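The values are calculated or read from the model by the stated rules, or taken from the named source; none is laboratory data. Note that this is a predicted model, so its numbers are computed, not measured. Cβ placement follows ideal geometry from the backbone for every residue including glycine, while neighbour counts extend to all protein chains displayed.
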Amino acid sequence: MTDTVNARGATDSDLYTGAVGATDAVAKRSGGSFGRFAARFAVIGVWLLMIILFGLLEPSTFLTVGAFRTIFGSQQALVFLSAALLCTVIVGEFVDLSVASNFGLSAILVTVLTVTYHWNVWAAAIAAIIASVLVGAVNGLLVVKLGVNTIVVTLGMGTFLLGITLFVSNLMPVSGLPPYFAQIALLNVGGLPISFFLGVVLMLGFAYILTFTPLGRNMRFVGENREVSRLAGVRVTRLRLGAFIVAGLIAGIGGVFAAAATGGFDPAVSQSYLLPVFAATFLGTAILEPGRFNPLGTLIAVYFLATGVLGLQLLGATSWVSSVFYGGVLVIAVTISTVLHAKSR
Amino acid sequence: MVRTDHVPQRLRIALGSGVILPESTEVRAATLAPPVPRLAVESLYMSFANNRVLRDVAIDVWPGEIHGLVGQNGSGKSTLAKVLTGLYTPDAGTRIAVDGGELQLPVRPQEARDRGVAVVHQSLGLFDHQSVLENMRVGRLRGSRFLRRIDWSREREAATAVFERLGRHVPLNAPVGTLREEDRATVAIARALQDAHAGTGLIIFDESTRSLGRRSLEHFFEILGEIVSTGTSVLLITHRLEEVVDAADRVTVLRDGRVVESGREMAGMNEADLTAMMLGRNLIDLEHRGAATIPANSTPVGVAGLTGLGVSEVSLEVSPGEVLGLTGLAGSGYDDVPYLLSGVTHADAGTLTLLGATISVPALSPASAMEAGIALVPEGREHAGLAMSLSLAENATFPQTTRSARSLFPIDRKRERRIVSEWIERLDVRPRERKASIRTFSGGNQQKVLLAKWLANAPSLLVLHEPTQAVDVGARHTLVAAIRKAAADGCAVIVAGSDENELALLCDRLLVFEEGSVRAELRGDLSPDTIVEAIYSNGSRSRLRGPRSEVHTEKKENN
């Protein structure tokens, strides 16, 4: 019997099965490698061009250590929020609109509990983070267990939380966190606040999990096709629920750092993060791994956006420029990436 | 009913033009002169980046014929279909004409439809969340006179009429997503058929019959026969050579992106001839194979009292080394067994004896089934088999890591590369590009990756559902050989399928289901004919389409 099998096996290799496909791919590869390279690094190229351009136009203000510090030292909130959004987007939950409000909830809770209710600041921080995790869990239960539409749940939750933070803070910015608490975010490490490095570590860790570990691969597969994942033994429900909870956790931690950095929080501010978070996360799909949500691309996108906004402000534009830039860049960059990706396919 | 375009040229010359001819019943049998083709494709070139996938392709579909289009996976068949439906833009210089009038390129679906071209896609193009009725009538809904309300009772009548013509009953209010593959295909076919007006139009079927059972298939071709006899044309793109041999009037064969046979008359051709044209050589006969070697003193895998979905109280045994087939009519429950046994669908009752342990089937989850050594290769590689935009390597090794206890430690890349290379080699997956996304592979190669994904998990019980659906002969050969090899290596294999040719190649033993339980068992020499006979105990396996000449010969030409 084994002989028969071997004989059959031998005939297999002579069989013609789609050799056209093989030659196709070779041809595609030689023709498409530039396109693929361009798709991966186009945005980074634009970033460099932008730096050169602003450098030429505003050499005295843009090419300074101060500008560098502003760009890299001021975006921690955005980094944490994009990481939170990535958690759910990667497992296929399209757009969690409550991340910004959840972040605001945590920031305002830690401040109010410490300043108004005289809690120990560390206990307040932990309580604030727990509240954010609970919000993530409620989102997850509604979306994953009960099957309610993600956008509806998170839009409602975001608005609800915004109202709660306004109520808790009595519609006013609250401040007065102890100065030593600020050190968790502002401690100077090599000229940049420590929270910058925490943000980078967070994104690197996230990228490591996604690229190298079974957990990351499960997340990608669930995002891509739930049924395929379920049939392969992934506990899909648990993973999706986990993603919402971790998203809440990251948003909560981000909120505490934001409050620490400024010594308090203005509840009206959190909503202004929503568009930049989406701009960064989607622009991230045009960087490094075209067509995929990826943490490192998102991290680069955050600083790309910050560079553009700062450069334009130094050129004399006022606060309107950030909306124009965030919105415009998002559309243009994603369009270019999509076109390049389609060509290189 | 006189169609001068069908009159032999000699005759037309003899009679002069404009002469009214007597009605002829022999129109279809007559040697046809090239009339104005319903669909004419000329010098079609198609490139991706700087890579030509179609070269100088030409096809003429005449009025009132079924024109087969065959070719291996990767021969350019699907690309051609996508050009015809406007998904791809062909290179400049291509001409596509319907009834002599040239179409603008790329083909615009609306224009094509206005000219009478309907398409049934391989993926069927259905809206899963909408009802059957809505799917049927989308784009054709008409408002009432004043309020522009949709008159649902009228729509319902129209849809019912089409299903009646098809001889199939599909619940009109059910969301399409809840239907079985076969019913989904029926809905898509019905949607295309409803626009076919007598005497005009062209319907393109792109692999749309792949999930139809035998009876539906015969019925489908009966209706197709009726439709083309009115003068409507059909372009049939298919892997089932039997369909072309039995039903097509002429065939065009693609190989390596070129036309190797253009509009060849099918009369007198058989499947072997077609295969030879597609491959450029003859395929080694697979049908002669040794009997299964069941290792002595091996304990068979036993299923007892399996109940759930459409099955009740089913018991069966399969030994390591044996391939057991399950078949039956659509709805008989045979195709529920794979999903119940692998914990994918919840079973109500039943036990499974595997490797000396007795497992309760209702307690199985996909994860625990995998741990117990059960692997399921499901039907429908697009929605349940593979994650299309992830890479070959990621897909092929996915089950290896999903249950890893060390889920935050790095995946062993070397081991992964070794597994992928080994299986690419063993199943001859082409092109050999581990990092290419699975979407870029042809259907046959995707199916090989799907099989490799589960074989690599070294199961003790391998359960498959339609494992060679919609793949070409070459890939089918490889898949069958790989499944038999897995059995020879000591795996117990259960195959649920409706394709008698596939089952005849694969199985040592066959269980025929009826109304949720096993009605008959076939052993020994399984031929497609005996299988069909057993499935349709009261019927025979008739030709897909009646003979095209007047002589009534109810004879099978093949198998």
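Points worth noting:
- Qualifying residue in the stretch B:429-449 (condition: hydrophobic (A, V, I, L, M, F, W, C) and within 17 Å of B:His477 (Cβ to Cβ)): yes
- Within the stretch B:325-360, restricting attention to residues that are assigned to a helix (DSSP H, G or I) and either in contact with a Ser or Thr (Cβ under 6 Å, 6 or more places away or on another chain) or farther than 22 Å from B:Val512 by Cβ (or both), the residue that is modelled with the highest pLDDT is B:Tyr339.
- Residue match in the stretch B:430-440 (condition: touching a Gly at 6+ places or on another chain (Cβ under 8 Å) and facing chain A (nearest Cβ under 10 Å)): yes
- Here B:Ala487 does not fit the description of being buried (at least 23 other Cβ atoms within 10 Å of the Cβ) and in contact with a helix residue (DSSP H, G or I) (Cβ under 6 Å, 6 or more places away or on another chain).
- Any strands (runs of 3 or more DSSP E) falling wholly within the stretch B:22-126 and containing at least 2 residues that are modelled with pLDDT of 80 or more and within 14 Å of chain A (Cβ to nearest Cβ): B:51-61
- Set A:Leu97, A:Leu109, A:Leu113, A:Leu85: member being in a helix (DSSP H, G or I) and under 26 Å from A:Thr237 (Cα atoms): A:Leu85
- Any chance B:Leu408 is more than 10 Å from chain A (Cβ to nearest Cβ), closer than 21 Å to A:Ile209 by Cα and hydrophobic (A, V, I, L, M, F, W, C): no
- The set of residues in the stretch B:503-531 being at pLDDT 85 or above, out of contact with any Gly (no Cβ under 7 Å at 6 or more places or on another chain) and not in a strand (DSSP E or B) consists of B:Ala504, B:Leu505, B:Asp508, B:Arg523.
- The stretch B:454-477, residues that are of a type outside the set (Gly, Ala, Ser), more than 26 Å from B:Pro300 (Cβ to Cβ) and within 13 Å of chain A (Cβ to nearest Cβ): B:Val471, B:Asp472, B:Val473, B:Arg476, B:His477
- Hits in the stretch A:192-224 - residues which are out of contact with any helix residue (DSSP H, G or I) (no Cβ under 7 Å at 6 or more places or on another chain), facing another protein chain (nearest Cβ under 9 Å) and either among the small types (Gly, Ala, Ser) or part of a loop (DSSP other than H, G, I, E, B) (or both): A:Thr213
- Qualifying residue in the stretch A:250-270 (condition: in contact with a helix residue (DSSP H, G or I) (Cβ under 7 Å, 6 or more places away or on another chain), part of a helix (DSSP H, G or I), within 14 Å of another protein chain (Cβ to nearest Cβ) and touching a residue at least 24 places away in the same chain (Cβ under 8 Å)): no
- The stretch B:367-380 - residue that is over 19 Å from B:Tyr334 (Cα atoms) and crowded, with 23+ Cβ neighbours inside 10 Å and, of those, nearest to the other protein chains (Cβ to nearest Cβ): B:Met370
- One residue from A:Val112, A:Val121, A:Val89 being touching a residue at least 24 places away in the same chain (Cβ under 8 Å), buried (at least 19 other Cβ atoms within 10 Å of the Cβ) and farther than 22 Å from A:Pro173 by Cα: A:Val89
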